[in-house]
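Worksheet: one structure, shown below.
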Amino acid sequence: MKHHAVLILLAPLLAVAAENEQDGFSGTFQLGVSHYQLASNFLKAPNDGRPSAASLTQSPASQSGTAPLFEGEWSYGFAGTGTRLFISPSNTTSFAAGGGMQFGVRQQLPQAGAVSAALTYGESEVWLDPYALNVARQDGKLKSAGLALGWSNILNTPFSANFSYARQKLGNEQSGQAQGLTLANQALLQRNGNNYGVQAAYAWKLDNQGAHTLSPGLIYARADLDGKAMSTRRYGVQLAYAYQGADWDATTSLVALRTRYQAGNPVFSGQKADSRNALLSLGLTRKNLFGAKDWSAFLSGNYGRSNSDLAYFNEHIREVSIGMGYHF
């Protein structure tokens, strides 16, 4: 989770184990296309050029476009052990240009659920000096590497929990240079540092068949960065619903968060960019496509908004994706 992209809420920290996984090799992949509209003064959109910002008192202008989508997971299960290795790549990183990957292991525990551990890597394209005005801003890669841990069906109950840690680094950080800030004030805007995230959820089965599941959850995240004006605490709630049928799957999720900054931003006379954030996600999957049990088609959408005490930090995302999936 990146500190500066308020719309980057806590997505699932680990790939979730599918039911009835078989021993040996298995996997899934999805290919599709996404149409998006992104407004952010910090993130570079997938097909963005080098747009400029006109005023520090205005919300960012929207950038729209279309980008390819690729996601998947490949795994290998060891017979009779409940152990499965997996690798999960993606060409998208939380609505921004970039990509990510997880490599880890899942272990089924007798009458205790399943535990997971994964090494994670991700990168997003951001503006090196997001406060530069009336010029073509230069972009750079914000890279992160870390660890994600998960425990589902804790002690054979409906509870689950996830923890993540990632160290992020942005080379050639230039925040505040265009505004002529002193070196001490530029240091307050540094985006290198550590990110921590915790999630807890309860999966409530709404019917005897287990087709309908309602999952309320709690979210906490902390960004301890070199720049104290960019360090944040984020907390909130999530409510997710899932339906699993013979031919159709459907999901919806609503997340609401509050973000508080540790220190005031020197570009804005020491004001903090505290914000209220929300993200709505919807997904629909048609399985057994054209009678082929290994193929599926999907349609998904995201709508997110961040309202900050500083208009320059406002963000929103609208995204619709469509494509096909294959399971083996």
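The values are calculated or read from the model by the stated rules, or taken from the named source; none is laboratory data. Quick caveat, the model's predicted, so the values are computed rather than measured. Ideal geometry is used to build each Cβ from the backbone, glycine not excepted, and the neighbour counts take in all protein chains shown. Just so you know, the surface numbers come from the protein's heavy atoms only, side chains and all, with ligands and any DNA or RNA stripped out. Shrake-Rupley method; radii C 1.70, N 1.55, O 1.52, S 1.80 Å.
Report the paramagnetic label zone for residue 218: residues of region 241-257 whose backbone N is under 14 Å from a point 7 Å from Cα along the Cα-to-Cβ axis.
none
Roughly what would the spin-label model give for residue 254 and residue 239, points 7 Å off Cα along C-beta, in nm?
So the two model labels end up 0.5 nm from each other.
Relative to the present Cα-Cα distance, how much length would full extension add between residue 247 and residue 295 at 0.36 nm per residue of separation?
Additional length available on full extension: 16.2 nm.
Write down the accessible area per residue of the chain in Å², having rolled a 1.4 Å probe over the full set of protein chains. Intermediate results must be reported in sequence, preceding the final value.
Values: 15770 Å² over 328 residues.
Counting only protein heavy atoms, the per-residue value for the chain is 48 Å².
Please list 317, 87 in order of solvent-accessible area, largest first, computed with a 1.4 Å probe with all protein chains present.
87, 317
In the chain, what is the count of Lys pairs whose alpha carbons are under 14 Å apart, counting only pairs at least 8 residues apart or on separate chains?
The number of close lysine pairs in the chain is 9.
Which Rg and Dmax, in Å, describe the Cα atoms of region 158-204?
Expressed in Å, the Cα Rg and Dmax of region 158-204 come to 17.7, 54.
Please compute the modelled spin-label separation between residue 179 and residue 134, points set 7 Å along Cα→Cβ, answer in nm with one decimal.
Output for this residue pair reads 1.7 nm.
Compute, for residue 70, the solvent-accessible surface of its heavy atoms (probe 1.4 Å) with the complete set of protein chains present, and express it in square angstrom to the nearest 10.
Number for this one is 60 Å².
Using Cα pairs under 8 angstrom and six or more residues apart, how large is the relative contact order of the chain, in percent? The partial results should precede the final answer.
Numbers: 951 pairs, mean separation 55.5, N = 328.
So the answer I get is 17 percent.
Only helical DSSP H runs with n ≥ 4 go in: add -39500 (n - 2.57) per run for the chain, normalise by residue count and round the 222 nm mean residue ellipticity to 500 deg cm²/dmol. Spell out each step's value before the answer.
Working: 1 runs with 5 residues, N = 328.
After summing the helix terms and dividing by the residues of the chain, the value is -500 deg cm²/dmol.
If you take the Cα atoms of region 205-328, find Rg, then find the Kirkwood Rh from the mean of 1/r over all pairs, what is Rg/Rh? List each step's numbers first, then the result.
Details: Rg = 19.5 Å, Rh = 17.1 Å.
On the Cα set of region 205-328, Rg over Rh gives 1.14.
With Kirkwood radius over Cα pairs in Å in mind, check [x] 22.0; [y] 20.8; [z] 19.9 and report the label derived from this structure.
Recomputing Kirkwood radius over Cα pairs in Å here gives the entry labelled [y].
Charges only on Cβ, +1 for Lys and Arg, -1 for Asp and Glu: so what's the dipole of the chain about the Cα centre, in debye to the nearest 20? Don't skip to the end; give the middle numbers.
Numbers: 25 positive and 21 negative charges, 144 e Å.
With only Lys, Arg, Asp and Glu charged at Cβ, the dipole is about 700 debye.
Between residue 165 and residue 200, what length in nm is gained on full extension when 0.36 nm per residue of separation is reduced by their alpha carbon distance?
On the way: separation 35, 0.36 × 35 = 12.60 nm, distance 1.55 nm.
Result for the pair: 11.0 nm of gain on full extension.
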